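What follows is a single structure, written as C-alpha cells, with notes after it.
Coordinate-derived values only; no laboratory data. As the structure is a computational prediction, the values presented were derived from the model and not from experiment. As a convention, Cβ positions derive from the backbone with ideal geometry for all residues, glycine included, and neighbour counts pool all protein chains shown.
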C-alpha cells in the first residue's frame, strides 16, 4: 500500500515540477477538477483557510489554471473552475493513466471490481479520518 502511495506522490510531484505548482496549488486544482466549486468549498475540501484559497485562486487564475464563473444557482456567488492550463495538464499527464487503468480493469469481473471499489472507498475513508 505504501509503495502505491509513494508512486502516486512521486508522479504528482513530477507533474507539479513540470507545471511549477506548489502542494497547496495542487490540492486546490484537485478540488476543482471534480467540477466548479465556490472558494469556501475548496477551502473545506483542502483543509486550507478561505483566505489562503482565495489567494491561491487569484494566483492560479493569473497563470491560466483556474477560471471564475458565476454560480448557476446564485449569480451573486462565484465558482472556481478548471482553466485551460488545468485541462491541458489533465489531458497530457493524467488521461494516459486513466486509460491504462481502464484497460487494467477490463480483466476483472464485476464482482472483483465491486470488491476493489469497496476496498478503495474504505482506504479513502480511513485516510480522511
task = Consider a paramagnetic label point 7 Å from the Cα of residue 11 along Cα→Cβ; state which residues of the stretch 96-112 have an amide N under 19 Å from it.
result = 96-108
ask   = Who wins for biggest fluctuation among 61, 106, 88 in a Gaussian network model of the chain, springs between alpha carbons below 10 Å?
value = 106
query = Pairing the Cα long axis of helix 110-128 with the longest principal axis of the chain, what angle in degrees results, from 0 to 90 and rounded to the nearest 10?
reply = 50
inquiry  = Cut-off 10 angstrom, C-alpha nodes, Gaussian network model of the chain. Which of 33, 67, 22 fluctuates the most?
reply    = 22
inquiry  = Bins of 10 Å, beginning at zero and ending with the bin holding the largest distance: percent of Cα pairs per bin for the stretch 62-129, please.
reply    = 17, 23, 30, 25, 4
Centre separation in Å (Cα based) which lies between the stretch 69-129 and the stretch 2-32 = 14
message = Given a 10 angstrom Cα cut-off, can you work out which residue in 87, 99, 25 is the most mobile in a GNM of the chain?
response = 99
note = Rounded to the nearest 10, the angle in degrees between the Cα long axis of helix 95-105 and the longest principal axis of the Cα atoms of the chain comes to 30
ask   = Binned at 5 Å from 0, what are the whole-percent values of the Cα-Cα distance distribution for the chain, short to long?
value = 2, 9, 15, 19, 18, 15, 12, 6, 3, 0
task = Using only Cα atoms, find the angle between the long axis of helix 23-32 and the longest principal axis of the chain, and express it within 0 to 90 degrees, rounded to the nearest 10.
result = 90
note = One point scatterer per Cα, no solvent, Debye formula: log10 I(q)/I(0) for the stretch 6-70 at q = 0.14, 0.21 Å⁻¹ comes out as -0.39, -0.84
